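Student: Quick one: this structure, given as structure tokens, is what I'll be asking you about.
The values are calculated or read from the model by the stated rules, or taken from the named source; none is laboratory data. Here the structure is a predicted model, which means the values were calculated and not measured. Positions of Cβ are backbone-derived with ideal geometry, glycine not excepted, and every protein chain shown enters the neighbour counts.
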Amino acid sequence: MSQTPDRASRIRLTLSHAFPGAEVEVRDDSAQHAGHAGARPGGETHYTVRMVAPGFAGMTRLARSRAVHAALGAEFGTGLHALALELRAPGEG
């Protein structure tokens, strides 16, 4: 019987598939937001995503953010509340 991966693992996997060649780091910040809007007792609601992706070359910050949010639409539909995003193309500082 396989175990369902946690949300951080699903986010990492989803973004890796949506943005081939990307370096993806995901941190669960839910404990820091306990009691805030969108927080749930079980956590898995607030994350920081740091990603360097070749596909971001030539994209604005807004376009990158929209692309990540679109890729994670299913997660937002099942309790993901907030993302802090650090999105860069290779070679950007």
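Student: Evaluate region 54-71: report whether one residue or more is surrounded by 14 or more Cβ atoms within 10 Å (Cβ to Cβ) and modelled with pLDDT under 95.
Tutor: no
Student: Continuing with this model, one more query. Scanning region 13-28 for residues that are free of Cβ contacts under 8 Å to residues at least 60 places away in the same chain and in a helix (DSSP H, G or I), which turns out surrounded by the most Cβ atoms within 10 Å (Cβ to Cβ)?
Tutor: So the residue we want is Leu15.
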